[in-house]
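These notes concern the structure reproduced below.
Only the coordinates and a few stated rules stand behind these numbers; no lab work does. Predicted model only: the values in this text are computed from it and were never measured. With ideal geometry, Cβ positions are generated from the backbone for all residues, glycine too; neighbour counts draw on all protein chains shown.
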């Protein structure tokens, strides 16, 4: 690996006539954890959704491992990009185990036993070994989000995208989800996180990217960002949090 | 049950009024039952000829009509739900052409009377062949099945489209994010949920399909209403065969709602079979254990 694993290169995105991403550049190295922060409506989530083509872009390019995501077969490229959503989006008609095993079984064509066995291991890894047979409706928000993380991991992606994954959780359930993400970071998973949890951003992020009005306004090593942000926007954003 | 505990724990003015409304409602309902029941009892005791009612002759004729209707309903049901699924999928197609065609189909078959559609198929279609050339000699029952299927597929299609629309967009996004194609995501994730959402509406429509078979009397299908008309004109006694008609339709429609209820229960994931049901069983056992210690 020479270049970055994920590379946003001059990305322009419009909703109708309104430009929501302006010439966004961002590169993420292998095993790096990049945390994207910024006020609501700054384009953080949209940026993530462009990476796995849930949103299309008008200008620029997005590359995974040097290959343009835009030219690739969408169903193939998405297997390399794990996505975890704010609202979990678990499949309510399937058990936790089936939620995790479905992708490997149907998309990768793994035999049912292999897929189920691996799903069991992944649920164990996110601390849900006892809940494999539960339906999402019977799980807490924190448990559901951990199943969703296991579901994304089951496809063995090269990079994981987390879109405000703790924003819909009761405060006491945030910790269990963040613990799982920290464990992934420790295992060397490449990750891009959009979050409002600044303490967590500081703890887990290698680099902080601050977005405002569809632009990247600052990108810095985590420690220096929180200690002495380089830009006015950075200082402004931090001062509002304190 | 909830109302009972409420009225026990609270006897405020608002609740008094609630209770009054409830009592009035009960009185109205009871009065209605008494009036209808009385009328019914009077008809059954004065108008119905019980010898004719239980005579093997009319029993056999109604039985034949009944089994014919059951067969027509079974076939039209399966076909209209299957075809309706295609119509519903057509309605949500990403292809503009398919979407418009499905919409047009629904507009036509919901917008014209079933009787008109039956006439087109039964009287109109054979005339497209030169006289005497139409290859199917007993066209009434096939025409009936085709008409019922085409008509009810439109309603089933709308129910399925509604069921699909009610599945949150995030379900499709989550499935696609795993690398599923749109077709696979529909099949594995969206449709099972849409089916459950649509089941009540589909069941409703299929019960209407049962009753719509009564229209088949005008295209010479020897179904239940035809038997009635026949007996009524021979015996000049409407009430006796009407009892038969009423009971036979109710037998079919009530079996149908039982079937739909069963299907609904089966697709009610995560409440009985899931964690909640399991947990509630567990916690009640735990409670017993606590009492013992």
Q) What's the percent breakdown of Cα-Cα distances in the range A:199-242 across 10 Å bins, shortest bin first? A) 29, 61, 9
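Compute and list, largest first, the equivalent-ellipsoid semi-axes of the range A:92-156 from the alpha carbon gyration tensor, each √(5λ) rounded to a whole angstrom.
On the way: eigenvalues 64, 25, 20 Å².
Semi-axis lengths for the range A:92-156 are 18, 11, 10 Å.
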Q) Tell me, what does the Kirkwood hydrodynamic radius of the range B:61-268 come to in angstroms if you use every pair of distinct C-alpha atoms? A) 18.9
**Q.** Among beta bridges that DSSP assigns inside chain A, antiparallel share in %, nearest 5
**A.** 55
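What is the ratio of the Cα radius of gyration of the protein assembly as shown to 2.2 N^0.38 Å, where N is its residue count, to two decimals? Intermediate results must be reported in sequence, preceding the final value.
Numbers: Rg = 32.0 Å, N = 535, 2.2 N^0.38 = 23.9 Å.
My calculation over the Cα atoms of the protein assembly as shown gives 1.34.
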Q: Could you please rank A:55, A:113, B:158, placing first whichever residue has the fewest other Cβ atoms within 10 Å of its Cβ?
A: A:113, A:55, B:158
Q | Neighbour-count order for B:33, A:147, fewest beta carbons within 10 angstrom listed first | A | B:33, A:147
Q: Compute the relative contact order of chain A as a whole-number percentage, counting only Cα pairs closer than 8 Å that sit 6 or more residues apart in sequence.
A: 26
Q | Rough spin-label spacing in nm, given labels placed 7 Å along Cα→Cβ, for residue A:228 and residue B:125 | A | 8.6
Q. Which residue, B:40, B:186, B:53, tops the fluctuation ranking in a GNM of chain B built on C-alpha contacts under 10 Å?
A. B:40
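What ranking of B:208, B:219 emerges when the number of other C-beta atoms within 10 Å of each C-beta is taken as an exposure proxy, fewest first?
Values: B:208 14, B:219 19.
In increasing order of surrounding Cβ atoms, one gets B:208, B:219.
Order these peptides, B:16-28, A:17-29, by their mean beta-carbon neighbour count within 10 angstrom, highest first. Present the calculation step by step, with values, prior to reporting the outcome.
On the way: B:16-28: 10.8, A:17-29: 16.5.
Top of the packing list down: A:17-29, B:16-28.
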Q. Based only on the alpha carbon positions, what is the Kirkwood hydrodynamic radius of the range B:70-131, in angstrom?
A. 13.6
Q) Taking the Cα-to-Cβ direction at residue A:9 and at residue B:263 and moving 7 Å from each Cα, how far apart do the two end points lie in nm? A) 5.3
**Q.** MRE, 222 nm, helices only [DSSP H, n ≥ 4, -39500 (n - 2.57), over the protein assembly as shown, to nearest 500]
**A.** -19000 deg cm²/dmol
(Q) On C-alpha positions alone, give me the angle between the axis of helix A:96-106 and the longest principal axis of chain A, in degrees, nearest 10. (A) 80
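Using only the Cα atoms of the range B:167-239, build the gyration tensor, take square roots of its eigenvalues as a ≥ b ≥ c, and label the shape rounded, prolate or oblate: rounded if a/c is under 1.5, else prolate if a/b is larger than b/c, else oblate. Please list the in-between numbers first.
Details: a/c = 8.41, a/b = 4.49, b/c = 1.87.
In terms of gyration-tensor shape, prolate.
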**Q.** Calculated P(r) tail over 33 Å for chain A, as whole % of Cα pairs
**A.** 17
